[in-house]
Amino acid sequence: MSANGEQPVGHVPQENGLRINGDTTNGSSRFDPDFTDSVINATGPKTNPRVKSVVASLIRHMHDFCRENEITVTEFMAGVDMLNRAGQMSDEKRNEGLLLLDVLGIETLVDEITHKVVSEAHDLPTATAVLGPFWRKDAPIYKMGESIVQNSDDGERALVHGKALDFDTGKPIANAEIDVWHTGSNGLYENQDPSQPDMNLRGRFYTNDDGSYHFYCLRPTRYPIPLDGPGGQLLELLDRHPYRPAHIHFILSAEGYKPLVTQIFDRRDEYIDNDTVFAVKDSLVVDFKQRNGDEKAEFELEYDFRLVGFGAAHRK
Ligand code: BEZ
Ligand code: FE
């Protein structure tokens, strides 16, 4: 009680000297204080050390989360139902589990953690960005300069060109694979949209001896992430919009270099500062320019990728 007899904001009622909720900050809890340790200690001696420590930490955080929030059986079962539905909706064309974690910013966080040492360097290689749930393996291999647009999509066309370079030496990387994918101008990836040809707007290119590449595609379009599953349900519960700003995905792979998973984002997009999966990084925001005299594209983008070699000792 305060001097005026009113209860301070955030006051937690006490019962027999213990806090009424599951808060353990004063070392006491009305829940079994040994339960979490007994679950962790059930781990057998043959467990891989990394698995052992990661799962112990997961158990501790999840138990604390349940106690702190006094999760009820009804709430718990609603969460389990969400996970089950995400699993049931997922197949080789759809990854609802990843989408659910994307909405919570987890894929972006793990991407940041994985590349932390790199991002602490002074001069930076090309930044990474999340893979997302729509990548497909074995995209068609194109000749340099071809278009990945297989249909009559009436979106704006763009020429994307540049070089793959060694981050340390600045030297060109020949024969680097550039795997690229983006949505149609309706905001749908081909595997979400039966009206698009298989593998439309996806392709792989191999850089020339001077590291250069160029190909035609669409200037990308913003799109809402799918709302018909638990990922969408979570966004609705959190009163959030579903949009990703216009972007193109890339994976660069070259012998002797760490694969680079990234995206470039179109600066003109109104969601550029408000990506629903929190993946935009300043260095990945680009400006498409008007292109004249090319009947195949009205815009162009020059973008160089800087890859980190496996031998680079100062980086992870
Ligand atoms: C994507 O850009 O393809 C994406 C990434 C995370 C969640 C949903 C979509
Ligand atoms: Fe995407």
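State all residues of the stretch 220-243 that are within 12 Å of ligand 1 (Cβ to nearest atom) and open to solvent by 70 Å² or more (accessible area, probe 1.4 Å); if no residue qualifies, say none.
Within the stretch 220-243, 222, 227, 243 meet the criteria.
Answer yes if at least one residue in the stretch 142-151 is more than 16 Å from residue 303 (Cβ to Cβ), within 16 Å of ligand 1 (Cβ to nearest atom) and not basic (Lys, Arg), and no otherwise.
Checked the stretch 142-151: no residue is more than 16 Å from residue 303 (Cβ to Cβ), within 16 Å of ligand 1 (Cβ to nearest atom) and not basic (Lys, Arg).
I'm trying to understand the selection: among the residues of the stretch 259-299, which are of a type in the set (A, V, I, L, M, F, W, C), assigned to a loop (DSSP other than H, G, I, E, B) and farther than 15 Å from residue 243 by Cα?
Listed by number, the residues that qualify are 288, 297.
Within the stretch 244-257, how many residues turn out to be surrounded by 19 or more Cβ atoms within 10 Å (Cβ to Cβ) and under 19 Å from residue 134 (Cβ atoms)?
8
The conditions are (1) at positive phi; (2) touching a Cys at 6+ places or on another chain (Cβ under 9 Å), and residue 180 fails exactly one of them. Which is it?
Unmet condition: (1).
Which one of the conditions (1) open to solvent by 40 Å² or more (accessible area, probe 1.4 Å); (2) touching a residue at least 60 places away in the same chain (Cβ under 8 Å); (3) in contact with a helix residue (DSSP H, G or I) (Cβ under 8 Å, 6 or more places away or on another chain); (4) not in a loop (DSSP other than H, G, I, E, B) does residue 112 fail to meet, given that it meets all the rest?
Going through (1) open to solvent by 40 Å² or more (accessible area, probe 1.4 Å); (2) touching a residue at least 60 places away in the same chain (Cβ under 8 Å); (3) in contact with a helix residue (DSSP H, G or I) (Cβ under 8 Å, 6 or more places away or on another chain); (4) not in a loop (DSSP other than H, G, I, E, B) one by one, residue 112 breaks only (2).
Report those strands (runs of 3 or more DSSP E) wholly inside the stretch 131-235 carrying at least 2 residues which are basic (Lys, Arg) and in contact (Cβ under 8 Å) with a residue 40 or more places away in the chain.
Counting at least 2 such residues, we get 157-166, 202-206.
The values are calculated or read from the model by the stated rules, or taken from the named source; none is laboratory data. Since we're looking at a predicted model, the values are computed, not measured. Glycine also receives a Cβ, built like all others from the backbone with ideal geometry; neighbour counts cover every protein chain displayed. Areas reflect the complete protein model, heavy atoms only, side chains present, ligands, DNA and RNA absent. Shrake-Rupley method; radii C 1.70, N 1.55, O 1.52, S 1.80 Å.
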